[in-house]
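*Asks:* Dropping a structure here in structure tokens format, bear with me for questions.
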Amino acid sequence: MLNKKIILGVTGSISAYKAAELIRLLKKRGADVQVVMTKSAKEFISPITLQALSGKPVLENMWEPTEGNGMEHINQSRKSDLILVVPASANFIAKLAQGLADDLLSNICLARNCPILIAPSMNKNMWENSSTQRNISLVTQDGVNISGPENGEQACGEEGMGRLINEKMLLLDINKSLNYPILKNKNILISCGATFEKIDDARAITNLSSGKMGLRIADEAYALGANVTIIYGQTEKLPPSGINCIYAPNHSLMNKYVKENAKNNDIFISVAAISDYIPKTISGKLKKGNNKFSLEFQQSSDILLETASEFNNLFCVGFSAESENIIKNAQAKLKNKNLDMIVANSINESMGQNSAEIYIIDKNEVIHIPKKGKEELASNILQHIYKLENKRGSTHEHIN
Ligand SMILES: Cc1cc2nc3c(=O)[nH]c(=O)nc-3n(C[C@H](O)[C@H](O)[C@H](O)COP(=O)(O)O)c2cc1C
């Protein structure tokens, strides 16, 4: 979102106050936000609050003289990368569907030459009303992106569909609208997090993976238009709905779900830290007594290697966390597992961290990416996958 010019339209919904937090989140991500309010929106939240947060006077009145040609609706539309309407009232959606232009915000929307994303928010009966549904369908046909609404408790005391979408999902959808959807219609499977294996009925063995890298890749792939499925073990907070999430806490379930889903996907990114050795499980609970005890481990199967050899058309990406000879070891894995690409990093500097230094390695090149936040790394990794997968696709077409 860095340096993106976003018009944030706020309309007369009870959730208009949530626009304040949204401005903060957009600004934190480097966006330049210009708020435009409808007359009704000002009944719900004061323009001065939104001015203070966005750092710019709020626009509302079409007839107020401005500098230059005085055509603020055209000028604002020309300058923007994205128009957001959050929250979008039933009334505003109806106006958008009909192409009405009787205030500044509706004029800006009609004069747009950039993407538009609206987040409806209203009482459940208003949302379910056939005229609202008809308007939603009309604006969708006109290329308007819709985020939400979601189900839940409503300000009016009722429960149902119509609540403003949660902010995490909204941010993903905003990213999706801002980005050129290079992964549109691609099905991407991502494994992430740590698995844990039982030792006895009370204890388990696991590893230090946080799942952060896999989750950031899932978010970014979604933002680039892909249909994303994650198979996750132990991780931090999961992505919101929109990304299909399947829980696989141990090697056996990871193996099952990865292979079940591999056939429906174009790309598999294996980020999960899956147990290489599985303890021989003891039934009941190990008793305390001896000073020492030993566990017997058995090597587990290599899910990535098997998946890459079983699903020939799947574009397979591995991750290699190493403590030494980072590039050499990763290149050996790329070859031995017959992968299309591998991402190598240093175990101590990346595991559980929010940033890392990585090497993106394929059959022809090694690209060094200096230390960056995992969000940015996710973007670098997916851009490279896109480049390689496209090349592979055109080679296939050429051969056929
Ligand atoms: C207390 C109150 C809460 C309202 N909440 C909503 C709402 O959440 N969603 C909605 O679509 N309309 C809501 N309305 C109705 C709109 O404010 C009304 O339709 C208004 O004309 C919308 O104007 P606008 O689309 O120009 O902003 C509410 C009205 C009142 C009085």
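*Asks:* Is it true that I174 is closer than 30 Å to Y386 by Cα, open to solvent by 20 Å² or more (accessible area, probe 1.4 Å) and out of contact with any Lys or Arg (no Cβ under 8 Å at 6 or more places or on another chain)?
*Replies:* So I174 does not fit the description; no.
*Asks:* For the range 244-330, which strands (runs of 3 or more DSSP E) that fit wholly inside it have 3 or more residues that are in the same structural domain as A202 (by TED's automatic domain parsing) and touching a Ser or Thr at 6+ places or on another chain (Cβ under 7 Å)?
*Replies:* By residue number, 315-322.
*Asks:* Same structure, new question: Please go through the range 11-29 and pick out each residue that is over 10 Å from L50 (Cα atoms) and more than 20 Å from the chain's Cα centre (by Cα).
*Replies:* Those that are over 10 Å from L50 (Cα atoms) and more than 20 Å from the chain's Cα centre (by Cα): T11, G12, S13, I14, S15, A16, K18.
*Asks:* Still on this structure: Tell me which residues, restricted to the range 102-120, are within 12 Å of the ligand (Cβ to nearest atom) and open to solvent by less than 40 Å² (accessible area, probe 1.4 Å).
*Replies:* Correct list: D103, L104, L105, S106, C109, I118, A119, P120.
*Asks:* Now for a different question. Of the numbered conditions (1) within 14 Å of the ligand (Cβ to nearest atom); (2) closer than 16 Å to G9 by Cβ; (3) surrounded by 19 or more Cβ atoms within 10 Å (Cβ to Cβ), W127 fails exactly one; give the number of that condition.
*Replies:* Answer for W127: the failing condition is (2).
*Asks:* Follow-up question, since we're still on this one. Answer yes if at least one residue in the range 135-157 is on the phi > 0 side of the Ramachandran plot, touching a strand residue (DSSP E or B) at 6+ places or on another chain (Cβ under 6 Å) and either touching a residue at least 60 places away in the same chain (Cβ under 8 Å) or surrounded by fewer than 20 Cβ atoms within 10 Å (Cβ to Cβ) (or both), and no otherwise.
*Replies:* Yes, the range 135-157 contains a residue that is on the phi > 0 side of the Ramachandran plot, touching a strand residue (DSSP E or B) at 6+ places or on another chain (Cβ under 6 Å) and either touching a residue at least 60 places away in the same chain (Cβ under 8 Å) or surrounded by fewer than 20 Cβ atoms within 10 Å (Cβ to Cβ) (or both).
*Asks:* Considering the range 2-17 alone, what residues qualify as being away from the ligand (no atom under 15 Å from the Cβ) and surrounded by fewer than 20 Cβ atoms within 10 Å (Cβ to Cβ)?
*Replies:* L2, N3, K4, K5, listed by residue number.
*Asks:* Still on this model: Given the criteria farther than 25 Å from N348 by Cα, at pLDDT below 95, assigned by TED's automatic domain parsing to the domain that holds I358 and surrounded by fewer than 17 Cβ atoms within 10 Å (Cβ to Cβ), does K198 qualify?
*Replies:* Yes: the conditions hold for K198.
*Asks:* Next question, about the same structure. Does the range 48-57 contain at least one residue that is assigned by TED's automatic domain parsing to the domain that holds N166 and either modelled with pLDDT under 95 or touching a Ser or Thr at 6+ places or on another chain (Cβ under 6 Å) (or both)?
*Replies:* Checking the range 48-57: at least one residue is assigned by TED's automatic domain parsing to the domain that holds N166 and either modelled with pLDDT under 95 or touching a Ser or Thr at 6+ places or on another chain (Cβ under 6 Å) (or both).
*Asks:* Got a number for residues in the range 265-315 being of a type in the set (D, E) and modelled with pLDDT of 95 or more?
*Replies:* 4
*Asks:* Does the range 278-294 contain at least one residue that is open to solvent by less than 40 Å² (accessible area, probe 1.4 Å) and among the aliphatic types (A, V, I, L, M)?
*Replies:* no
*Asks:* Inspect all residues belonging to the range 74-96 and state whether any of them is within 14 Å of the ligand (Cβ to nearest atom), part of a loop (DSSP other than H, G, I, E, B) and under 23 Å from S177 (Cα atoms).
*Replies:* Looking through the range 74-96, at least one residue is within 14 Å of the ligand (Cβ to nearest atom), part of a loop (DSSP other than H, G, I, E, B) and under 23 Å from S177 (Cα atoms).
*Asks:* Has the range 77-86 got at least one residue that is touching a residue at least 60 places away in the same chain (Cβ under 8 Å) and open to solvent by 30 Å² or more (accessible area, probe 1.4 Å)?
*Replies:* yes
*Asks:* State which residue is farthest from the ligand (Cβ to nearest atom) when the search covers only the range 18-56 and only residues that are part of a loop (DSSP other than H, G, I, E, B) and under 16 Å from L170 (Cβ atoms).
*Replies:* It comes out as R29.
*Asks:* For the range 76-88, state whether one or more residues are in contact with a helix residue (DSSP H, G or I) (Cβ under 6 Å, 6 or more places away or on another chain) and small (G, A, S).
*Replies:* Scanning the range 76-88, I find at least one residue that is in contact with a helix residue (DSSP H, G or I) (Cβ under 6 Å, 6 or more places away or on another chain) and small (G, A, S), so the answer is yes.
*Asks:* Got at least one residue in the range 40-50 being acidic (D, E) and open to solvent by less than 70 Å² (accessible area, probe 1.4 Å)?
*Replies:* No, the range 40-50 contains no residue that is acidic (D, E) and open to solvent by less than 70 Å² (accessible area, probe 1.4 Å).
*Asks:* Going residue by residue through the range 62-69, is there one that turns out to be touching a residue at least 24 places away in the same chain (Cβ under 8 Å), farther than 21 Å from I146 by Cβ and not in a helix (DSSP H, G or I)?
*Replies:* yes
*Asks:* Now, a different point. Taking the range 1-17 as the region of interest, how many residues are in a loop (DSSP other than H, G, I, E, B), among the polar types (S, T, N, Q) and on the phi < 0 side of the Ramachandran plot?
*Replies:* 2
The values are calculated or read from the model by the stated rules, or taken from the named source; none is laboratory data. Everything quoted here is computed from the prediction, not taken from an experiment. A quick note on method: Cβ atoms are made from the backbone with ideal geometry, for glycine too, and the neighbour counts reach across all protein chains shown. To get the accessible areas, we keep the full protein, side chains included, count just its heavy atoms, and leave off ligands, DNA and RNA. Shrake-Rupley method; radii C 1.70, N 1.55, O 1.52, S 1.80 Å.
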